[in-house]
Each structure stands twice: as C-alpha cells, then as structure tokens.
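Worksheet for the structure shown next.
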Amino acid sequence: MIRRLRPLRLVPRLLLLAVAIAASFSVVAGAPPAVRAANGYPVFATVATDHGVKLRSKPGSHKYVATLAAGTELEVLAGPDSDGWYKVKAAKLPKAKCGWIQADRIAINQFVRAASDLDLSAGPGDGEAVSAWVRHGVVLSVVGPGRGDFLFVRYGDTVGYAYAPALTVSDGPATDPSGERWVDVNRSTSDVHLMIGETVVDTFQASLGRDQGEGFYATASGTYSIYSKVEGLSYTPYANAYIEYWAGFDPERDNGFHAWTMDANGNVIDGGWGPTGGCVATRPEDAAVIFNFVDIGTRVEIHW
C-alpha cells in the first residue's frame, strides 16, 4: 500500500545571470567554520593566465596601474560588474595598487556549504527577488565579495546572494544541481549519506541488520533502488511493531529505510532503536528526511 507521498522539493526556476568566470577547485583540510558576515569574509583568487596580466584603472579602461605574473594570489575587492570586471589587488603585497581585471583571467577557489535551506536572491537583501532555492548541505562556489550579510555565490548556472550566517566554509567541488540524488549506506560505520552527485548533503546514524553476513536478515551489500514508499504508521510482522516513513529498496529481503520501531500510537518502543532484521532504521526525524529525499527509482548503494 502506498500512501500520499510528500514531493521532493527540487530546485525551482533558475534565473540565469551571465557571469563569465573561470572556476578551479581546491580541497582545504579541517572542519568547516561558519562564514562571517559577507563584508567581513575575504574572497581570494589567482591570476589564471599563462602570462602576466595588467590591471586597469577602471573597467574597460586602456590605462594600466599594475602588472601581475601568472599565478599571483589576488584579494577580490569588488565585482563582478555587469560586464564581468573585478576589482582586485595582489594579496601579499601590502602596497600593491588596486585595479580591474576581467573574470576570465582569474580563478576563485573558495566554496561554502548551505547549513540550512536558503534562497539565492538577485540582490544583497531579504526583499530581493529569489533566483533559486538551495537545499541544506549543498556546496556553492564563491563568485565574489558580498555586501552586508550576503555573499555572492553560484549554484550551477545560477548566481545570486546567499545569507552569509547560513553558510559554512567548505571543500570543493561545488554541487551540480542536476547531479543524481542517491543514498550511500556504509555498513562499517552505520552511516547513511544522502548524496547529490559527489556531495554528501546529510549524514545519519542508523541501526542495521544484526546478521553481519549477506543472508536474509542482513542489510546486504549491493546496488538497489527504491521500489515502494509508505509515509504513515504501518505494521511490520518482522518486529511485531509499527514503523513510519517506509522506503523499500530490497524486495527479496523486505528491507528498506524506516523510523525506529513504534507502538500502535506512534511512540518509539523500548529498544526500538536496536539492530534490525535487515532494514536501515533511524530516528523518526531523520527517517522523514530520508523519505522526502528519495523517490521511486532512487539508487541505493550498500557496502562495507
């Protein structure tokens, strides 16, 4: 039996803004700290040409103020403007002159993660038009310095301003908004990872099958896909109890994702969080997130 399903909220309409920027990806070690208010969050880039570049006194000007070698680290002070110009200066030269450079001559190598669901807006303010909705856990490319409490970022082909206190510093690469949504279950750690392409957007601890092998009562290794979903409270004879947020992936073993086992009133029973007969059981609030993330056909990978 399949009840009414909650639709997975996909990224809404995308407002495409033309910003020609050459982005390269780097990995930064360490835990991601919170992003400060955007105007206090420094943005850096490098000269991304094979030869040196000349900084101009203003966008499009023929007057040059400085020459920089390939690979020079830059602090990005402003931009991009409507024609793709950035105001920069050499980051390690305190007395360096500021100047303007075109976007295709620099690479910004910074990324942030959405710590909560948020909107990208067309301008740096709460009242600005929304250009895209971003799910929590998604990694965004930094496009340029922000204003006030907003940082200028890119999500796929969409650029906009994100509320900086809702962001954390992150490693790359950026999340592809059209990337596959799938689920990774690690039997060694009992972790469930919700994935968009290469990005882990959520991680939950789970109770897995007490059978550590590959038998009927194991959370068996393999590649599966979601074949059924039942949101509400339903009875399972394997536990002689009730479950919620069922998302079945292994029809041969009757295994699936669901909340800890409950009584007929929806209360978690004593020990309902323990090892299962092969299913992947999580806290009810986590099970709800998993249920809303997957759809019929969503790929599930289970491995050691």
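The values are calculated or read from the model by the stated rules, or taken from the named source; none is laboratory data. Values in this document were obtained by computation on a predicted structure and should not be read as measured data. When we count neighbours, we look across all protein chains shown, and the Cβ atoms used for this are built from the backbone with ideal geometry, even at glycine. Only protein heavy atoms, including side chains, enter the accessible area calculation; ligands, DNA and RNA are left aside. Shrake-Rupley method; radii C 1.70, N 1.55, O 1.52, S 1.80 Å.
Quick one: pull the percent of accessible area on region 160-304 belonging to carbon and sulfur, 1.4 Å probe, ligands and nucleic acids left out. With neighbouring chains kept in place, the figure for region 160-304 is 51 percent. Here is the list for region 111-201: GluC sites (Glu not before Pro) lying in DSSP coil, each with at most 13 other C-beta atoms within 10 angstrom of its C-beta, are Glu180, Glu198. Here the chain is assigned +1 on the Cβ of each Lys and Arg and -1 on the Cβ of each Asp and Glu. Its dipole about the Cα centre then comes out at about 1580 debye. Taking each DSSP H run with n ≥ 4 as -39500 (n - 2.57) and averaging over every residue of the chain yields -1000 deg cm²/dmol at 222 nm.
The fraction of Cα-Cα pairs per 10 angstrom bin, counted from 0 for region 104-204, comes to 16, 46, 27, 9, 2 percent, rounded to whole percents. Of the solvent-accessible surface of region 55-145, computed with a 1.4 Å probe and all protein chains present, 48% belongs to carbon and sulfur. Take every Cα pair under 8 Å in the chain that's 6+ residues apart, average their separations, divide by the length, and report that relative contact order as a whole percent. Across the chain, relative contact order equals 16 percent. Tell me which lysines have Cα within less than 21 Å of Lys97's Cα, excluding those fewer than 8 residues away on the same chain? Partners within reach: Lys54, Lys58, Lys63, Lys87, Lys89.
Once the 1.4 Å probe is applied to the protein heavy atoms, the chain comes out at 48 Å² accessible per residue. Using the Karplus relation 6.51 cos²θ - 1.76 cosθ + 1.60 with θ = phi - 60°, the per-residue 3J(HN,Hα) values for region 142-151 come to 7, 9, x, x, x, 9, x, 9, 10, 10 Hz, with x marking Gly and Pro. Relative to the longest principal axis of the Cα atoms of the chain, the long axis of helix 284-293 makes an angle of roughly 60 degrees. All Cα-Cα separations within region 77-145 were binned at 5 Å from zero, giving a P(r) of 4, 14, 17, 21, 18, 14, 8, 4, 0, each value a whole percent of the pairs. May I ask which residue of Phe216, Val169, Thr203 lies farthest towards the positive end of the charge dipole of region 169-232, with charges of +1 (Lys, Arg) and -1 (Asp, Glu) on Cβ and the Cα centre as origin? Sorting the options by dipole projection puts first Phe216. Within the set [x] 41, 26, 16; [y] 48, 18, 15; [z] 29, 22, 19, the number that semi-axes √(5λ) of the Cα gyration tensor in Å takes when calculated for this structure is listed as [y]. Who wins for biggest fluctuation among Pro124, Pro33, Pro275 in a Gaussian network model of the chain, springs between alpha carbons below 10 Å? Result for the chain, Cα springs under 10 Å: Pro33 fluctuates most. Take the Cα of Arg36, go 7 Å toward its beta carbon, and the backbone nitrogen atoms of region 147-162 under 16 Å from that spot belong to 147-152. Per the Kirkwood treatment, what hydrodynamic radius in Å, one decimal, follows for region 173-268 from the mean inverse distance over all distinct Cα pairs? Radius from the Kirkwood sum: 14.7 Å.
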